[in-house]
Structure formats: structure tokens, C-alpha cells
Amino acid sequence: MTSQVERLGILTGGGDCPGLNPVIRAVVRRASAEGISVQGIRNGWKGLVEKDAISLDLNSVSGILHKGGTVLGTSRTNPYKDPKQLASLKANWTQLGLDALIAVGGEDTLGVATRLVQEKFKIVGVPKTIDNDLSETDYTFGFDTAVNIAMESIDRLHTTAESHHRIMVVEVMGRHAGWIAVHAGMAGGADFILVPEIPIDVEEVCAAIRKRHERGKTFSIIVVAEGAEFSKGQTLQKDRKLDAFGHVRLGGIGDALGELIEEKTGFETRVTVLGHVQRGGSPTAFDRVLGTRFGVKAVELVLKGEWGKMVSLKGNAIVPVSIEAATKKLKKVDMELYEIARIFFG
């Protein structure tokens, strides 16, 4: 062990997702084996701002592997928006006696981590987003669970769409990237998939639906990511309120698309918005294993003193990468994969 860490913190920030608890469990198990005590910071960066922490030991993480969400709670707190919050965070780091911290989160949570590392705080990152849009890692935990939930929903919608001869529009998560839409749409046999990377061409969608009707298929399934746009920069928003990182709440693209399809084709159209259902419930086996591997590797990076690094899945290996590089740009859908999906449109 090259780094002198006796007291390690861990926090989970941003949106909850399946696989967070396996990470927490793995961190505590691996750290405890090295005689390191672990402090669980409640509710993301907010917990450090408010000095809200609990001791984690083997008993406190027993039985959480299969649970969704995060036992530590989470929030979308950005301490860099308020100098007082930032000063409080730094003071509480010292008062809690933290030698190092493992930050589990997506671009926003890890963006804060990057800035703190630049100020010489000892932090290791763990990537978390069901959208799978963090750079420098092939997959993030939670994504596989979300895809499976969306796929099962599409499977169920097939039967009612076919029975009622309807067009079904399924809105799935994906603010900036359409990974869930593409994977779930392909696996669920969707007849068209719409993603944020490519502006929606309503006429193309309607043409595909008409083509299906001409060959006797009286129903269609259209999957659309919540961040998909009719024209560049024109996402639909639930309201104008911004979170601490400047994000609006997206929503409504499914309803808008459904109205246009029914208006242009004359075919009865229904819309299903999966929303937070995709975030909830138990993680899949893949996400439990990936979360566990990430947690163990994160502690090993702490032991080596590899600050400013994030654990990453490359192929089947867990390797360290720069947190800053991982959060510098979003990982968009591979267009080669999307072209494969397009073969089955219509």
C-alpha cells in the first residue's frame, strides 16, 4: 500500500440507478480488508456541505447487493455554485477526518470531483449513468438494467398494439445520447428508433409506418429518447426550472410525436412514457457484477494513490482513466450500431 489512507469517504451523486449499492458494498468490503474505515457521505456532495455522514462496516452493507437505488441517498448538488457551500465542504472534509474520497456519479458529480482534484483533494471516481454517455468507459452500471426494463415494456406493448391495430410510441430515457433507445429498441423489435444524435424526420417515420401497413402490418412500435429533437437545439421541456448543474427537466417528445403521427397517417396512436421506472428496482446480474468490480478497483486505486482517476470498463478489463477526460465530452451513440438498427426500420 503506497498511500496512507486510514479513513475513506464514499458518496453517490446525481440520479439514482441500479448498481449503486453493489459499488458501496464492494468498497466497504475491500477497504475493510485493508483496515481502512469508511464514511458514507449522505446525499452526494450535499452531505459534505452539511457534514452528514455515517460509518459503514460489513454489517451495514450486508444484504444490499440486490437492492436498487442507493442506501446513502443522492442529490444534484453543485457546491461550486455557492462559495459558502464550497467552503463548508472543504472544512467538513477536514472535520470528518477524510484522507480520501470515492465519488460515484455521472458527468456532473464527477465534474465537481475533477475541480476538487485540481485543488489537491484526493479523489477517485466511479462512473454512474443509466444513459451510458460517459466517455472513457465502454459501459456504466445501471444501463443494462434500464435497457432490460425498456425491452420488457416494448415486448408488452407489442401485444396491445397488435390487438388494437395501433401505433405505439415509447419514450425512454436519454438526455443527450440514445444508447437506451437503440439497445432497447433493437432488442424489443422496434419499427423505428429516434435518438438525440439525429434530428427527427417525421415524414420518414410516417413513411415507414405506411410501408408496414401496405404489407399487412397494422401496428408499429416507435421508440424515442427523451432528448430527441425535431430540429437541432429544440428539445421539449417539462418546465423551465434548472437544477444545480443547469439542466432542465425533459419530457413531452413522445406526446408531440404521437400527435404528429396520428395527424399525418390517420392511424390511432398511443404514447407510453417509461420515465423513472427505468431507474428503479433490482439491478441485473451484469450491473451487480460491474458495480462490484468497479468498487473493488476504486479502492485499489486509493491504495496506490492514483488520485484524479476513474475506474473504467475497457473490453472485459477494469482500468484507470482520467476523471477529467471522462467528463470532458459525452459519449454519443455509435452510428455503426444505429445503421444496423436502421436495417429493421419499417
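Rule-based calculations on the coordinates, nothing more; no lab input. Computed from a predicted structure; not experimentally measured. Here Cβ is always computed from backbone atoms with ideal geometry, including for glycine, and neighbour counts include all displayed protein chains.
With one equal scatterer per alpha carbon and no solvent term, the Debye-computed log10 I(q)/I(0) for the range 84-240 at 0.11, 0.12 1/Å reads -0.58, -0.66. In terms of its C-alpha gyration tensor, the range 147-240 has an oblate overall shape, because the principal axis ratio a/c (a ≥ b ≥ c, square roots of the eigenvalues) is not below 1.5 and a/b does not outweigh b/c.
Please compare each pair in LYS297/LYS332; LYS122/LYS331; LYS264/LYS329; LYS81/LYS304; LYS67/LYS120; LYS46/LYS122 to a cut-off of 30 Å on the Cα-Cα distance and tell me which ones are over it.
Pairs exceeding 30 Å: LYS264/LYS329; LYS81/LYS304; LYS67/LYS120.
For LYS328, a cut-off of 17 angstrom between C-alpha atoms picks up these lysines, skipping any fewer than 8 places away in its own chain: LYS128, LYS309.
Residues whose amide H falls under 5 Å from that of THR284, counting only those 5 or more places apart or on a different chain, are THR145, with hydrogens built in the peptide plane. Of the peptides 184-194, 92-102, the ranking by mean beta-carbon count within 10 Å, highest at the top, reads 184-194, 92-102. Calculated from the alpha-carbon coordinates, the chain shows an Rg and a Dmax of 21.6, 70 Å respectively.
Computed over the chain, relative contact order equals 24 percent, with contacts defined as Cα pairs under 8 Å that lie 6+ residues apart. Residue ranges 211-220, 319-328 sort as 319-328, 211-220 when ordered by packing (mean number of other C-beta atoms within 10 Å per residue, highest first).
Given a Förster distance of 35 Å, report the FRET efficiency between THR160 and ASP334 from their Cβ-Cβ distance, rounded to the nearest 0.05.
That pair, THR160 with ASP334, gives E of 0.65.
Under a 5 Å amide H cut-off, with hydrogens placed 1.01 Å from N, PHE230 pairs with ILE200 among residues at least 5 apart or on other chains. Phi-derived couplings, Karplus 6.51 cos²θ - 1.76 cosθ + 1.60 at θ = phi - 60°, listed residue by residue for the range 127-138: x, 9, 6, 5, 6, 6, 9, 7, 6, 6, 9, 5 Hz, with x used for Gly and Pro. Helical content alone sets the calculated 222 nm signal of the chain at -12500 deg cm²/dmol, taking -39,500 (n - 2.57) per DSSP H segment of four or more residues and averaging over every residue.
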